[in-house]
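So the structure is just underneath, and the comments pick up after that.
The values are calculated or read from the model by the stated rules, or taken from the named source; none is laboratory data. As the structure is a computational prediction, the values presented were derived from the model and not from experiment. Cβ sites come from the backbone with ideal geometry, for glycine too, and all protein chains shown count toward neighbours. The area values use the complete protein model at the heavy-atom level, side chains included, leaving out ligands, DNA and RNA. Shrake-Rupley method; radii C 1.70, N 1.55, O 1.52, S 1.80 Å.
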Amino acid sequence: MSIKTVEEFECMRTVGWVVRRVIDAMRQHARPGVTTAELDDIGSRVMREHGARSAPSLVYGFPGTNCISLNDEAVHGIPGERRLSDGDIVKLDVTMEKDGFMADAAVTIAVGRIPDEKQRLIACAERAFAKAKLVTRAGVRVREIGRVIEREVRQTGFSVIRELGGHGIGRTIHEEPRVPNYADPLANHILTDGLVITVEPIIAAGSGRAVLASDGWTVRTVDRKPSAHYEHTLVVTTGEPILLTAA
């Protein structure tokens, strides 16, 4: 969507604020021995307290409230009875609806002590986002975001998962434009003032090739190498974008 009124901006800012509260609540409880279902329950409770609903469940029938993915799982992991272990990395991906507006954010966090490769992967995803944010402004073509992300990821020795990327958001989860994490020549959309999009590096330590798991939801790396995901919903402006889901 493109924000046209102060009221629309305030609604988007509110749903973004709740997304951040949900992520923070789950992050605080992510420790060895906790199940992904228990984390999801914590996030669900915070959503309900703020009058919000799970957008993936609402729009696509996702069998959970939040997407919680471990290690080689890139996105859309289903919460369940798996327990977190020391050395895991966990992707907490929260997309919600409140008062007819939607926002989306994700972080990758460490459980206990993690190997150096996983630590560098998490840092790379966050760094790629920060650099992409610098070119996200009105008048820029969408593919420039992907160009910056992929350059940073490759320089660090990792790969982007090309099947996955950002998107427009606001009134539903996935709106135009598509925001790839590489310099897709077809991503010609020109960013405009007020446009709401997600920027979300989704990267892997291996080849970056991904496959849909047998559960029909989880996307994981083919070579079972770890992946990381970092995302915010932001509003494009003529200057620095406004992050709706930041702390």
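Observations, loosely collected:
- DSSP-loop trypsin sites (Lys or Arg not before Pro) across the stretch 57-138, with at most 11 other Cβ within 10 angstrom: 113
- As computed over the stretch 92-181, the Cα convex hull volume per residue (Å³): 107 Å³
- Entry note: the stretch 10-67 has Rg to Rh equal to 0.98, where both radii use alpha-carbon atoms and Rh is the Kirkwood radius.
- Relative contact order of the chain, taken over Cα pairs closer than 8 Å and 6 or more residues apart, is 23 percent.
- With every protein chain in place, the stretch 92-202: carbon and sulfur % of accessible area (1.4 Å): 48 percent
- Here the chain is assigned +1 on the Cβ of each Lys and Arg and -1 on the Cβ of each Asp and Glu. Its dipole about the Cα centre then comes out at about 500 debye.
- Binning the alpha carbon pair distances of the chain at 5 angstrom intervals from zero yields the distribution 1, 7, 15, 19, 20, 18, 12, 6, 2, 0, expressed in whole percent.
- Normalising the average separation of contacting C-alpha pairs (under 8 angstrom, six or more residues apart) by the number of residues puts the relative contact order of the stretch 47-156 at 18 percent.
- Cα gyration tensor, the stretch 168-247 - rounded (a/c under 1.5), prolate or oblate: prolate
- The chain, accessible area per residue, ligands and nucleic acids excluded (1.4 Å, Å²): 42 Å²
- Residue 104 long-range amide H proximity, modeled H, under 5 Å: 233
- Working from Cα pairs under 8 Å separated by at least six residues, relative contact order for the stretch 1-90 is 28 percent.
- Here the dipole of the stretch 130-189 is about 200 debye; that uses its Cα centre as origin and unit charges on the Cβ of Lys and Arg (positive) and Asp and Glu (negative).
- Cα gyration tensor shape for the stretch 60-104, rounded if a/c is under 1.5, else prolate or oblate: prolate
- Count Lys and Arg as plus one, Asp and Glu as minus one, and take only other residues whose Cβ is under 11 Å from that of residue 71; the net charge is then +3.
- Coil-residue GluC sites (Glu not before Pro) of the stretch 44-132, DSSP, other Cβ within 10 Å capped at 12: 81
- Sequence-distant lysines (8 or more away, or on other chains) whose Cα lies within less than 20 Å of residue 91: 118, 225
- Å³ per residue enclosed by the Cα convex hull of the stretch 131-217: 95 Å³
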